[in-house]
1. Among 159-172, 68-81, what's the highest-first ranking by average C-beta atoms within 10 angstrom per residue?
2. Provide the per-residue ³J(HN,Hα) series for region 48-53, in order, calculated from phi with Karplus coefficients 6.51, -1.76, 1.60 and θ = phi - 60°, each as a whole number of Hz, with x at glycine and proline positions.
3. Which value, in debye to the nearest 20, describes the size of the charge dipole of region 1-150 about its Cα centre when Lys and Arg Cβ atoms bear +1, Asp and Glu Cβ atoms bear -1, and nothing else is charged?
4. Rounded, prolate or oblate: which fits region 8-92, taking a ≥ b ≥ c as square roots of the Cα gyration tensor eigenvalues, rounded meaning a/c under 1.5, else prolate when a/b beats b/c?
5. Roughly how many whole Å is it from the C-alpha centroid of region 303-336 to that of region 95-139?
6. Let me spell out the model: positive unit charges on the Cβ of Lys and Arg, negative unit charges on the Cβ of Asp and Glu, origin at the Cα centre of region 48-108. What dipole size does that give, in debye rounded to 20?
7. Name the residue from A81, A20, S95 whose Cα lies farthest towards the positive end of the charge dipole of region 1-154, charges +1 on Cβ of Lys and Arg and -1 on Cβ of Asp and Glu.
8. Based on the mean of other Cβ atoms within 10 Å per residue, sort peptides 181-189, 131-139 so the most packed one is first.
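The values are calculated or read from the model by the stated rules, or taken from the named source; none is laboratory data. Computed from a prediction, not measured in an experiment: that's the story for all the values here. When we count neighbours, we look across all protein chains shown, and the Cβ atoms used for this are built from the backbone with ideal geometry, even at glycine. Surface accessibility is based on the protein's heavy atoms, side chains included, excluding ligands, DNA and RNA. Shrake-Rupley method; radii C 1.70, N 1.55, O 1.52, S 1.80 Å.
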Amino acid sequence: MQTVENGTGDVRRIVGAQRAAAALADHYMGLPEGVSKAMLLDRFERAAPRLDIGEGVVRLIRTLVRVTFEKDWEGGYRPLAWPSNDALGQELDRSRTAIQGLIRAAVKAGLVHMKDSGNGKRYGYRGDRGEIIEAFGFDLSPLAVRYDEFADIAAARGIEQARRRALRRKVGELRREIRTLSADALERGWGGFPWPAAVDQASGRLPRSPTLGELEALEGEMTELLAAVDKAWLGAREQGHKEEDIGPRGSNFGAQKEPTTQPPSEKDTYPAWQKEVVAARSEAPSAGGWAAEPSMTEETLPLSLVLEAIPEFHAYLEDPGSAEWEQVVAAAYEVALRLGINLSAWREARETMGANRAAVAVATVLARFMAGEISKSAGGYLRAMCERERAGGLHLLPSLYGLKERHHPRRKASARQRSGE
């Protein structure tokens, strides 16, 4: 048998809390079926912030739970631990006085019940099979009795954290959209709206750790601002189109060219790319060939294929291995801005193809741009793809497999294999 003798406990100042903890311990019948001590510890640690339990107490409970055996948490036994204050101080890097304070806090929080021996010492005996024969020290039964409480609080906190993350992401998207629209309007010299003020409002510093209520209020504020900016931007664009329609000699400039600091060339304009990209195929696909692609869904166009075929896109994703369509669409928006694609072209792509399909289209434009196939007017190329989509002739799957073949070429059959065929 194993014997451990420890120092005295300090519970004289917490008699009332001790009685409450003892009442909880009386209801102990073991952990629920299928629940291990690791699961109990996980739920407790996640619920601790909601219960105003400090980090020091959490570390103390973690240390006590880890020295117990799994068998101790079964109904026929008691989860007891008997480390001395000196051992706890060494483990937690705290003084003896600080350890005593943490023990009192744990008892007051209803997490442990101090089961002291007659001489005030902590010690315990285990049998050859690891079962506790006799022990005095920290009774962790109250922790097990409160498992359902911890699990409910942890679940509620998890839902709140997920909601907070979603709101932070949404607020970030709204702020970027406002800044992009306002910057575009300022570059074009449009008036009729306080664009600089909108940029300033969407560029302010966010609270370091905003509450859920603060994020919800901020989302509402940014949503209203974006609606006003978007309405003003569309109105200014319509006004600009009217002025172009009645320009010198009644000229109508039609499709908008992407801004460039260099003189336009034959391949810089949208109509030039339109001829190349929008031209329909002269013959229908043969049997076993590529059929017309249906609307974009995760089932018909695997995201794994997109990421494998276009590794250039990985740089715009935080974690390409776990990326979802939502992150891909957001990254495509950033890619569009870097390629100089007008916001109106990106919107047209989303409205014409859908968010996911538009993201894949921008990714293919990026791949061709990086390969030198497109040197200018990436926005014109994207608009041409929209034209082809409306005509029902845009096939993204063959493009993706073609791009994949560039990075992962198939091995050619060997001479022996060819001779044996």
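1. 68-81, 159-172
2. 4, x, 5, 9, 6, 9
3. Here region 1-150 has a charge dipole of around 440 debye.
4. Rounded is the answer for region 8-92, as its axis ratio a/c remains below 1.5.
5. About 53 Å separates the Cα centre of region 303-336 from the one of region 95-139.
6. The dipole magnitude comes to about 180 debye.
7. Of the options given, the answer is S95.
8. In descending order of packing, they fall as 131-139, 181-189.
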